[in-house]
Amino acid sequence: MSDIVPVQPGSLAGVLSGGVPALPALPFAQEIYLTHFEVAGLMYVPQVEALLESLEKGQRLLLCREPENQYDEYAILVQDADRHKLGYMPRRMNHIPARLMDAGKLLYVKVSTVHWDYAELSVDLFMQG
């Protein structure tokens with residue numbers, strides 16, 4: 001390439017032709033806040049009070065897609081770090097996050113508020129950018 005057209009070492013053509021050493025690619029690791037929701041279905045989880053009692057504000061929880069769920073094809077399960085079932089993202093809001101997860105995006109939630117005595121869990125949804 002350089003014998004046809006003169007290449008400046010700092011130009012894009014210079015970088016592409018190896019004229020300037022390329023910087024290592026750094027992953028874009030920004031946390032992007034998407035929304036807030038209350039976890040649904042807590043009352044159906046055995047010993048949910050004990051599971052909720054172990055959670056703390058700001059703790060990161062896992063999301064797991066369940067496309068084969070017989071009740072909701074966009075179901076997203078909320079789990080603790082030990083993969084214990086806590087509940088689900090509400091059906092009214094799971095369509096877009098499910099599609100993002102299906103496309104390979106990393107979504108997770110962080111505990112916002114937890115009331116183990118009357119089984120309530122609110123979380124903030126984030127996407128790893």
Inset, instruction - Ignoring everything but the protein chains, give the 1.4 Å probe accessible area of Arg83 in square angstrom, nearest 10. - result: 150
Legend entry - Computed accessible area, Tyr108, all protein chains, 1.4 angstrom probe, square angstrom: 10
Legend entry - 18 Å cut-off, amide nitrogen to a point 7 angstrom out along Arg60 Cα→Cβ, residues in region 102-129: 104-113, 123-129
Inset, instruction - Would you kindly find the accessible area of Asp82, with a 1.4 Å probe and non-protein molecules such as ligands, DNA and RNA excluded, rounding to the nearest 10 Å²? - result: 120
Inset, instruction - Please list Lys57, Lys110, Lys85 in order of solvent-accessible area, largest first, computed with a 1.4 Å probe with all protein chains present. - result: Lys57, Lys85, Lys110
Inset, instruction - Take Asn69, project a point 7 Å from its Cα along the Cβ direction, then tell me which residues of region 96-117 have their backbone nitrogen under 16 Å from it. - result: 96-103, 107-109
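The values are calculated or read from the model by the stated rules, or taken from the named source; none is laboratory data. Since the structure is predicted, the reported quantities are computational estimates derived from the model, not experimental observations. For neighbour counting, all protein chains shown are included, and Cβ atoms are generated from backbone atoms with ideal geometry for every residue, glycine included. For accessibility, only protein heavy atoms count, side chains too; no ligands or nucleic acids. Shrake-Rupley method; radii C 1.70, N 1.55, O 1.52, S 1.80 Å.
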